[in-house]
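Right, one structure below, let's go through it.
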Amino acid sequence: MPIKVRRNDHLAHIVTHKDEEITAANVWTDQAVVITKQITAVSKMAIMVEKDDRELNIVVSDPLQTQTMLHIKLNKSVKIETDSEQRLQLDGQGNLMINVEGLVGQSYPFTLKKLSAS
């Protein structure tokens, strides 16, 4: 079966479609929750990640519709490839902050480009 339930508890529900390399998660805690080898959610959110060798296509939303910032920790170096509304802030330690103010639960898509290790 190509779909695998990776986590299903009070902190998060995470599923992965292996063939398509897509992971979807609902995170219900502000504790760190590993979504993929590269991405850890550090705030409550809904997130979908599609990966390939060069990029991570990500869509996030605030299911509570009350937060103003979502926090993702990246375990490998990336750069912001697309950010149509300039809502992303990436620091040098891999902390990605997503401004969701005014989105009222709407999804926000963006793309990160993987950087090779130096």
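The values are calculated or read from the model by the stated rules, or taken from the named source; none is laboratory data. Everything numeric here is computed off the predicted structure, so don't read it as measured data. Note: ideal-geometry Cβ built from the backbone for every residue, glycine included; neighbour counts use all protein chains shown. Only protein heavy atoms, including side chains, enter the accessible area calculation; ligands, DNA and RNA are left aside. Shrake-Rupley method; radii C 1.70, N 1.55, O 1.52, S 1.80 Å.
Could you check how many residues of segment 2-32 are in a loop (DSSP other than H, G, I, E, B) and either in contact with a Cys (Cβ under 8 Å, 6 or more places away or on another chain) or open to solvent by less than 80 Å² (accessible area, probe 1.4 Å) (or both)? Spell out the reasoning first.
The first filter runs over segment 2-32 and keeps only residues in a loop (DSSP other than H, G, I, E, B), leaving 2, 9-11, 18-21, 28-32.
From what's left, either in contact with a Cys (Cβ under 8 Å, 6 or more places away or on another chain) or open to solvent by less than 80 Å² (accessible area, probe 1.4 Å) (or both): 2, 9, 11, 29, 32.
Qualifying residue count, segment 2-32: 5.
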>> Here is a list: Leu112, Leu70, Leu96. Which entry is in contact with a strand residue (DSSP E or B) (Cβ under 7 Å, 6 or more places away or on another chain), buried (at least 16 other Cβ atoms within 10 Å of the Cβ), closer than 30 Å to Met1 by Cβ and at pLDDT 95 or above?
In response: Leu112
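Does Gln89 count as assigned to a loop (DSSP other than H, G, I, E, B), surrounded by fewer than 18 Cβ atoms within 10 Å (Cβ to Cβ) and not hydrophobic (A, V, I, L, M, F, W, C)?
Criteria not met by Gln89.
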> Listed residues Ile39, Ile35; which is open to solvent by less than 40 Å² (accessible area, probe 1.4 Å) and over 12 Å from Arg7 (Cβ atoms)?
Replying inline: Ile39
> Does Val49 fit the bill of being out of contact with any Ser or Thr (no Cβ under 7 Å at 6 or more places or on another chain), open to solvent by less than 90 Å² (accessible area, probe 1.4 Å), in contact (Cβ under 8 Å) with a residue 24 or more places away in the chain and hydrophobic (A, V, I, L, M, F, W, C)?
Replying inline: no
>> Residues that are small (Gly, Ala, Ser) and not in a loop (DSSP other than H, G, I, E, B): does segment 60-68 have at least one?
In response: yes
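Answer with yes or no whether Ser107 is under 20 Å from Asn26 (Cα atoms) and either open to solvent by 70 Å² or more (accessible area, probe 1.4 Å) or at pLDDT below 95 (or both). Before the answer, list the steps.
Working: under 20 Å from Asn26 (Cα atoms): yes; either open to solvent by 70 Å² or more (accessible area, probe 1.4 Å) or at pLDDT below 95 (or both): yes.
When the stated conditions are applied, Ser107 passes them.
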